[in-house]
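Worksheet: one structure, shown below.
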Amino acid sequence: MTDPLIDSLERALAEREAAGLGRRRRVVESRAGPRAVVDGRELVSFAGNDYLGLAGEPSLAEAAAVAARRWGVGATASHLLCGHYAAHEALEREIAEWVAPCAGARAVTFSTGYLANLAIVSALADRETEVFADRLNHACLNDGALLARSRLVRYAHGDAGALARRLASSDAPRKLIATDAVFSMDGDVAPLVALAALAQAHDAWLVVDDAHGFGVLGGGRGTLAELGVASPRIVLMGTLGKAAGVAGAFVAAHPAVVETIVQTARPYLFTTASPPMLAETLRASLVLVRADAWRRERLARHVARFRAGAADLPWRLGDSRTPIQPLVVGDAIEATRLSQALERRGVFVPAIRPPTVPEGTSRLRVSLSAAHRDDDVDALLRALAEAARDSR
Ligand SMILES: Cc1ncc(COP(=O)(O)O)c(C=O)c1O
């Protein structure tokens, strides 16, 4: 006997698959790092966001083991019950002092960046608020607006002029501008100087999601620090599972903003705190993020090497100076084929398709890491050149 509810799901899944939009979880059987055993085969991976090569760093694995013995493995409850440990408190203090998006900033940590963005937007916005979002923002900023029941107004990607026009024509009593600092699928940088000026002129909050700039730009302090932008109206989110190599996220902002999140944000209140052993591991990771400038230098060399080698490929290379290097193929099925062709040559670069990127802009998202060697980048370029030859 068939069940009509199950049937409808199965039909929808089959349609996704036929449109080249099916997704498959790849099983990794090796330690985090650029040489990964994926579904039983060793590949050079350009798929992760381990920009500084810290996820597999032996000294951090040791710090985690020591922290687990000291704190145990679970936080047992939310931060407001009894899940807020001295390790979280110390981590928050150290992050706030370092990233400082405004004078006297405070920080609060989360178990994921997704939750952090939900918390920021839902704490600062409500039904009366208009949330102005770059069209290519990460999905979780938009989901924050949904949770807050705010009106979402999207503006053309990276276009401060378009945002200015939308702000000028808004009569909402409260306004919030939300942007990725480094766009996750394009690698380009938001015009944060102009956005901060607009936030000032229109009495709006400016929420900056620096998931991909933290640890990489501004000597590791992130994109705002690199561009010299600071303001009590800026709410900075950074993730700790990418360049910092561990897991979690922080929000750093004026103490009144942070206290509002702690007091009122449902994604903060109604979830178990991240284990204190991870907070302690992150403290050790942040020492390396700050001190190991060589990791950023090596990463910058890989970016330059890749861009020089990829300039003549038949796919459009996005205008990015960050470790995120998109090769835009267009069609979802074509992008998947290219990804498979690379994999046959021992290189793992996933195809990114709608809804993660807009229709018609499916791409390979090459993500570089300080843990790559020069010959890894060369192997990628060789595989791309061969795939280009075969596709002619
Ligand atoms: C721009 C951006 N913001 C937020 C997130 C969510 O962070 P997390 O993976 O820690 O939930 C991601 C990636 O996952 C991201 O790319």
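The values are calculated or read from the model by the stated rules, or taken from the named source; none is laboratory data. It should be emphasised that the depicted structure is a prediction, and the values quoted were computed from it without experimental measurement. Positions of Cβ are generated from backbone atoms using ideal geometry, with glycine treated the same way; all protein chains shown enter the neighbour counts.
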Given the conditions (1) more than 12 Å from the ligand (Cβ to nearest atom); (2) within 27 Å of residue 372 (Cβ to Cβ), and given that residue 247 satisfies all but one, which numbered condition is not satisfied?
-> (1)
From 364, 282, 368, 342, grab the single residue that is in the same structural domain as residue 157 (by TED's automatic domain parsing) and crowded, with 18+ Cβ neighbours inside 10 Å.
-> 282
Of the residues in the stretch 163-187, those that are in contact (Cβ under 8 Å) with a residue 12 or more places away in the chain, more than 16 Å from the ligand (Cβ to nearest atom) and of a type in the set (S, T, N, Q) come to 170
Count of the stretch 99-120 residues which are over 20 Å from residue 80 (Cα atoms) and either in contact with a Ser or Thr (Cβ under 9 Å, 6 or more places away or on another chain) or of a type in the set (Val, Ile, Thr) (or both) | 3
Just wondering, is there one or more residues in the stretch 12-28 that are acidic (Asp, Glu), exposed (fewer than 14 other Cβ atoms within 10 Å of the Cβ) and more than 26 Å from the chain's Cα centre (by Cα)?
-> yes
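Here's the yes/no breakdown for (1) among the basic types (Lys, Arg); (2) farther than 30 Å from residue 66 by Cβ; (3) at pLDDT 95 or above:
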| residue | (1), (2), (3) |
| --- | --- |
| 268 | no, no, yes |
| 276 | no, no, yes |
| 279 | no, no, yes |
| 305 | yes, yes, yes |
| 342 | no, yes, yes |
| 384 | no, yes, yes |
Within the stretch 110-132, the residues that are within 16 Å of the ligand (Cβ to nearest atom) and surrounded by fewer than 24 Cβ atoms within 10 Å (Cβ to Cβ) are 111, 112, 114, 115, 122
Going by the structure shown, is residue 130 of a type outside the set (A, V, I, L, M, F, W, C), at pLDDT 95 or above and in a strand (DSSP E or B)?
-> yes
Of the listed residues (93, 106), the one being surrounded by fewer than 18 Cβ atoms within 10 Å (Cβ to Cβ) and away from the ligand (no atom under 16 Å from the Cβ) is 93
Report, by residue number, each residue of the stretch 208-233 that is away from the ligand (no atom under 11 Å from the Cβ) and touching a Ser or Thr at 6+ places or on another chain (Cβ under 8 Å).
-> 216, 217
Give 163, 118 a once-over and let me know the one that is touching a strand residue (DSSP E or B) at 6+ places or on another chain (Cβ under 8 Å) and either at negative phi or assigned by TED's automatic domain parsing to the domain that holds residue 199 (or both).
-> 163
Across (1) of a type in the set (D, E, K, R); (2) in a loop (DSSP other than H, G, I, E, B); (3) at pLDDT 95 or above, residue 10 clears everything bar (2)
